[in-house]
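A.B. asks: Please read through the structure below; I'll follow up with questions.
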Amino acid sequence: MFAKNGIPLYLQLKEKLLEDIKTNYKANDIIPPEGKLEERYQVSRITVRKAIEELEKENIVIKKQGKGTYVQEKKILYDANSIGSLTQRLSKQKHLLTTKSISFEIIEESEDHFVKDMLNCEKLLCIRRTRLLDEVPFALMINYFDINTVPDIDKKLNLESLYAFLKEEYNIELYNAEEIVEAKAANKDEAKKLNIEEGFPLLSLKRLSFDKANKPIEYSNLVIKSDMYKHKIILSNDKISNIQK
């Protein structure tokens, strides 16, 4: 079953297990216990344990004390250190982000809304989307714009990446942003759209984005399933940065 090619036996077993998981298991399924794997693949218990440890390091499986080893939910890494759309970022990680549903809402001049002050406008366009990551419900996205900035976008929008479409159709490019990340529990509507239990942990990313002239262009609220997401931020020492300047 395993070749004598100089590759350690536990790494060969790890690849076998990975192939088996991709073919026969889905997220949160339990894989066979170590004894069964030892018997099936005719290897030692130490080899099995080392192979599973490698799968744990890559977030493929997770051990739960007294319960067994489970297949992990897919989790993407979001690099928050540069501005860009979620679609653009995930495509670089070989993930497919698609839209399950989309709706457009106009918030009229007579209606109060906190985003109007942020974007310094009187009439808003709100775009709501339910996004799938590799065909699994993943995130709810709400984007607000001054309606005069993106005329007829509801009739024109034809790209999965909203930011790429803004640049292509309206020559709008976002250069910097302010973002706040918060934890929240899924409400009834969010739970239904994301196919999760009400109260499930979510992450909310609220962002105000600016153009090259530092004019506020867009406000967004992105709600993501926390078990499918990691947020990466690079920190630096302010004192060192100031000395270098």
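The values are calculated or read from the model by the stated rules, or taken from the named source; none is laboratory data. These figures come from a predicted structure and were not determined experimentally. Glycine gets a Cβ as well: all are built from the backbone with ideal geometry, and neighbour counts include every protein chain shown. Quick note on the areas: whole protein, heavy atoms, side chains included, nothing else; ligands and nucleic acids left out. Shrake-Rupley method; radii C 1.70, N 1.55, O 1.52, S 1.80 Å.
A.B. asks: Give the stretch 191-213 a look and list any residue that's open to solvent by 80 Å² or more (accessible area, probe 1.4 Å), under 19 Å from V136 (Cα atoms) and either aliphatic (A, V, I, L, M) or without any contact (Cβ under 8 Å) to a residue 40 or more places away in the chain (or both), or say none.
C.D. replies: Those that are open to solvent by 80 Å² or more (accessible area, probe 1.4 Å), under 19 Å from V136 (Cα atoms) and either aliphatic (A, V, I, L, M) or without any contact (Cβ under 8 Å) to a residue 40 or more places away in the chain (or both): K192, E197, E198.
A.B. asks: Taking the stretch 115-134 on its own, how many of its residues are free of Cβ contacts under 8 Å to residues at least 40 places away in the same chain and assigned to a strand (DSSP E or B)?
C.D. replies: 7
A.B. asks: Turning to a different aspect of this structure: Quick check on my filter: what residues within the stretch 8-32 are part of a loop (DSSP other than H, G, I, E, B) and over 30 Å from Y229 (Cβ atoms)?
C.D. replies: To start, the set of residues in the stretch 8-32 that are part of a loop (DSSP other than H, G, I, E, B) comprises 8, 25-29, 31-32.
Across the stretch 8-32, the qualifying residue is only P8.
A.B. asks: Looking at the stretch 147-164, which of the residues that are free of Cβ contacts under 8 Å to residues at least 40 places away in the same chain and within 18 Å of L208 (Cα to Cα) is most open to solvent (accessible area, probe 1.4 Å)?
C.D. replies: Filtering first and then ranking leaves N148.
A.B. asks: Could we say that V150 is closer than 22 Å to H113 by Cα, in a loop (DSSP other than H, G, I, E, B) and aliphatic (A, V, I, L, M) here?
C.D. replies: Yes: the conditions hold for V150.
A.B. asks: Check the stretch 181-190 and report whether any residue there is out of contact with any Ser or Thr (no Cβ under 8 Å at 6 or more places or on another chain) and in contact (Cβ under 8 Å) with a residue 60 or more places away in the chain. Spell out how you get there, then give the answer.
C.D. replies: The initial filter retains those residues of the stretch 181-190 that are out of contact with any Ser or Thr (no Cβ under 8 Å at 6 or more places or on another chain), namely 185-190.
Those left that are additionally in contact (Cβ under 8 Å) with a residue 60 or more places away in the chain: none.
No, the stretch 181-190 contains no residue that is out of contact with any Ser or Thr (no Cβ under 8 Å at 6 or more places or on another chain) and in contact (Cβ under 8 Å) with a residue 60 or more places away in the chain.
A.B. asks: Pairs under 7 Å by beta carbon, first residue without any contact (Cβ under 8 Å) to a residue 60 or more places away in the chain in the stretch 30-42, partner loosely packed, with under 11 Cβ neighbours inside 10 Å, six or more apart or different chains?
C.D. replies: Close Cβ pairs satisfying both conditions: Y41/M1; Q42/M1.
A.B. asks: May I ask you to say which residue of E111, E173, E168, E160 is more than 22 Å from L202 (Cα to Cα) and modelled with pLDDT of 95 or more?
C.D. replies: Exactly one residue qualifies, and that residue is E111.
A.B. asks: Here's a follow-up. Which residue, of E73, E54, is outside any strand (DSSP E or B), modelled with pLDDT under 80 and surrounded by 15 or more Cβ atoms within 10 Å (Cβ to Cβ)?
C.D. replies: After applying the criteria, what remains is E73.
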